[in-house]
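Notes for the one structure printed next.
The values are calculated or read from the model by the stated rules, or taken from the named source; none is laboratory data. Not measured: the values here are computed from a predicted model. Counting neighbours? That spans all protein chains shown, and the Cβs are built from the backbone with ideal geometry, glycine included.
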Amino acid sequence: MRMVLPGGLDRSKLVLPILLLAAAVYVPVAVLLIPEGSPFALSVHSAGLFGKYLCYALLALALDLVWGYCGILSLGHGAFFALGGYAMGMYLMRQIGPRGVYGHPVLPDFMVFLNWQELPWYWYGFNHFPFAALMVLLVPGLLAFAFGWFAFRSRVTGVYLSIITQALTFALLLAFFRNDMGFGGNNGLTDFKEILGFELQAPGTRAALFAATALALALCYLLAAWVVSSKAGKVMTALRDAESRVRFLGYDVERYKLFAWTLSAMMAGLAGALYVPQVGIINPGEFAPAASIEAVIWVAVGGRGTLTGAVIGAVMVNFGKSWFTSAMPEFWLFALGGLFVLVTLYLPRGVLGLVSDLWSRAESHRRRRPDDVPQASP
Amino acid sequence: MESLLYLDGVTVSFDGFKALNGLSLVLQPGEMRAVIGPNGAGKTTMMDVITGKTRPQSGTVLFDGGTDLTKLRENDIATLGIGRKFQRPTVFEHLSVWDNLELALKAPRGPFSTLMWKAAAEHRARINEILAVIRLGDRRDRLAGGLSHGEKQWLEIGMLLAQEPRLLLVDEPVAGMTDAETEQTAALLRDVAETRSVVVVEHDMHFVRALGVKVTCLHEGSVLAEGSLDSVSANQQVIDVYLGR
Ligand SMILES: Nc1ncnc2c1ncn2[C@@H]1O[C@H](COP(=O)(O)OP(=O)(O)OP(=O)(O)O)[C@@H](O)[C@H]1O
Ligand SMILES: [Mg+2]
């Protein structure tokens with residue numbers, strides 16, 4: 001019998017969070033305490049890189065919740081990621097205070113440069129961390145809710161829905177490029193100094209940011225795993241496969257989609273917010289349609305509809321990207337495209353599917369236990 | 001007695017083609033009705049109208065005395081107590097047999113209720129009971145996608161039972177079944193009909209005879225004949241358009 005945790009969570013769902021927890025402890029220790037020459041030591045740079053991968057993993061997890069379970073292929077999830085990132089970026093900008101190049105007590109440098117006289121109203125409150133943190137979730141959440149409300153109610157599905165998600169992120173890309181939007185135009189927000197009063201470049205801060213990202217990913221993973229293992233998660237799986245049948249059972253399909261979609265957007269926003277202080281910049285490039293499509297590839301590579309696969313895929317592909325872009329940058333896009341084609345043709349269930357196939361093949365070589373009662377219900 | 005389902009003058013046209021043409025049909029509470037008719041007669045379209053999938057251009061569709069079904073969405077109609085089995089068996093292939101039944105089980109349908117839902121002893125007992133009726137007890141943990149065609153048909157009937165609907169619409173339940181399975185299905189539907197109203201669409205005349213209920217024959221979107229199977233099958237028009245072919 002498999003062990004089942006309260007709330008129907010399978011014990012195997014604890015593996016990844018435990019690994020992340022271990023990383024959240026190990027990386028800060030390796031960065032701060034282990035002397036540099038030791039093979040167990042880690043540079044601040046690597047910690048930042050890993051932190052970035054985990055942010056991507058969180059975005060992939062969010063995407064898998066809607067794509068893998070509800071069948072909504074979003075080609076615009078980067079928009080929610082970027083909005084969360086901008087909310088965090090606005091906080092970091094306000095933290096600079098009078099230390100900007102122009103030394104203005106309130107206005108960020110780019111506003112002074114554009115001859116703005118006062119802070120636009122939508123920048124109010126972002127000097128307070130709790131407010132900014134709330135906006136990190138609320139802005140992507142509300143946008144997703146409004147978008148989903150109209151799209152799902154009008155029963156836009158499949159390719160059409162994917163296209164309008166792409167249009168959404170493209171529209172935001174164009175908007176955020178504009179200087180008069182008040183988000184720094186194509187330079188975006190950068191030159192951050194501090195977060196919560198800690199110097200952003202300090203190794204301790206970087207290590208803490210990594211730990212925070214690992215923890216956030218672990219918690220979001222558990223939340224997502226709990227959702228998909230609940231009866232609501234089964235409704236989602238069911239509507240992915242046979243939407244109208246779910247309606248005739250009496251479920252309001254739109255409400256389920258809206259729930260998953262909004263939750264997913266908030267997770268993506270959180271991922272973006274954790275990303276920005278670690279990379280030190282947020283600009284409209286994050287809204288680029290290509291960025292959202294890349295996230296889809298991570299999930300496909302790892303294995304859609306498994307949650308774990310999304311995390312593995314994001315880390316693997318980005319690891320490969322870091323290697324490629326330093327070794328032979330001009331080939332990265334070809335490699336990515338080739339990978340996607342390969343996975344779609346030969347690994348429809350992704351890397352995780354391949355591993356579990358190999359595993360069950362090895363398992364069937366062993367003798368099956370006669371008392372191997374499958375479980376689904378007590 | 002007040003009728004459970006009341007259709008009057010229902011017309012549905014697809015680009016000018018009338019799939020239903022002034023269809024009228026009245027079903028009493030607890031009644032079982034067999035609907036026959038040639039391909040394209042409008043049988044499935046009639047079910048689409050009752051369940052809210054298709055909106056009629058004109059006509060009245062009332063449930064349980066006064067509820068106007070043409071104004072409601074599919075899921076609201078389902079929660080009123082109208083269950084439907086499709087012509088092609090549609091079960092949730094990536095969920096286990098047990099989960100399929102659990103989703104169908106009569107219980108609150110909102111996302112937050114299902115998020116917090118835990119199967120109580122009575123729910124499990126009910127699912128086990130249904131598993132016994134549809135003879136899928138030993139398959140309960142299998143993915144529904146791995147079932148045979150006949151087993152899927154039965155699972156879908158089981159899901160309808162779990163829904164505890166007041167009105168059951170069953171579209172060609174024995175298509176693709178063996179003779180033995182057909183007999184069992186007829187017996188099962190007769191059992192079901194003791195506590196609720198059922199509309200069965202079927203081409204299989206042996207099956208319809210085994211049901212032994214009032215028959216409605218549709219043709220080109222309206223009722224051609226209605227009555228006992230013997231009187232309907234003796235009707236010359238029915239013989240011409242349907243039985244005689
Ligand atoms: N969505 C649709 N668009 C266009 N035409 C349709 C649509 N649905 C049904 N029809 C047409 O309406 C007519 C009635 O179809 P319906 O499926 O109700 O027939 P049926 O009596 O169930 O036939 P069968 O015994 O083959 O299942 C058919 O000619 C069909 O082609
Ligand atoms: Mg039909």
Check B:Ala225, B:Ala186 and return the single one that is buried (at least 20 other Cβ atoms within 10 Å of the Cβ) and part of a strand (DSSP E or B). B:Ala225
Which residues, counting only those in the range B:82-101, are at the interface with chain A (Cβ under 7 Å from one of its Cβ atoms) and part of a helix (DSSP H, G or I)? B:Trp98, B:Asp99
Take B:Glu129 and decide whether it is closer than 16 Å to B:Asp191 by Cα and without any contact (Cβ under 8 Å) to a residue 12 or more places away in the chain. yes
Among the residues of the range A:212-229, is any more than 11 Å from every other protein chain (Cβ to nearest Cβ), surrounded by fewer than 22 Cβ atoms within 10 Å (Cβ to Cβ), among the polar types (S, T, N, Q) and out of contact with any Cys (no Cβ under 6 Å at 6 or more places or on another chain)? no
Of everything in the range B:154-175, what is away from chain A (no Cβ under 14 Å), within 16 Å of ligand 2 (Cβ to nearest atom) and touching a Lys or Arg at 6+ places or on another chain (Cβ under 9 Å)? Give them in sequence order. B:Glu172, B:Pro173, B:Ala175
Name the residue that is surrounded by the most Cβ atoms within 10 Å (Cβ to Cβ), counting only residues in the range A:15-49 that are of a type in the set (A, V, I, L, M) and in a loop (DSSP other than H, G, I, E, B). A:Leu42
For B:Glu181, indicate whether it is of a type in the set (D, E, K, R), more than 16 Å from ligand 2 (Cβ to nearest atom), modelled with pLDDT under 90 and out of contact with any Ser or Thr (no Cβ under 7 Å at 6 or more places or on another chain). yes
Please verify whether A:Val341 is within 14 Å of the chain's Cα centre (by Cα) and among the β-branched types (Val, Ile, Thr), treating the condition exactly as stated. no
Checked the range B:34-44 for anything buried (at least 22 other Cβ atoms within 10 Å of the Cβ) and out of contact with any helix residue (DSSP H, G or I) (no Cβ under 6 Å at 6 or more places or on another chain); matches are B:Ile36, B:Ala41, B:Gly42, B:Lys43
Kindly indicate whether A:Tyr256 is facing chain B (nearest Cβ under 7 Å), modelled with pLDDT of 95 or more and buried (at least 24 other Cβ atoms within 10 Å of the Cβ). yes
Any residue at all in the range B:21-31 that is under 14 Å from the mean Cα position of the chain (by Cα), surrounded by 17 or more Cβ atoms within 10 Å (Cβ to Cβ) and either within 13 Å of B:Val170 (Cβ to Cβ) or more than 16 Å from ligand 2 (Cβ to nearest atom) (or both)? yes
How do the strands (runs of 3 or more DSSP E) wholly within the range B:1-81 filter down when requiring 3 or more residues that are in contact (Cβ under 8 Å) with a residue 40 or more places away in the chain, within 16 Å of ligand 1 (Cβ to nearest atom) and under 29 Å from B:Leu229 (Cβ atoms): which remain? B:5-14, B:17-27, B:32-36
So, B:Glu220, is that one under 24 Å from B:Gln153 (Cα atoms), surrounded by 15 or more Cβ atoms within 10 Å (Cβ to Cβ), acidic (Asp, Glu) and at pLDDT below 95 or not? no
Can you name the residue in the range B:184-204 that is closer than 24 Å to B:Pro38 by Cβ and touching a residue at least 60 places away in the same chain (Cβ under 8 Å) and, of all such residues, is nearest to ligand 2 (Cβ to nearest atom)? B:Val201
So how many residues does the range A:233-244 have that are over 22 Å from the mean Cα position of the chain (by Cα), facing chain B (nearest Cβ under 8 Å) and crowded, with 21+ Cβ neighbours inside 10 Å? 3
(1) within 14 Å of chain B (Cβ to nearest Cβ); (2) surrounded by fewer than 24 Cβ atoms within 10 Å (Cβ to Cβ); (3) assigned to a helix (DSSP H, G or I) all hold for A:Gly305 apart from (3)
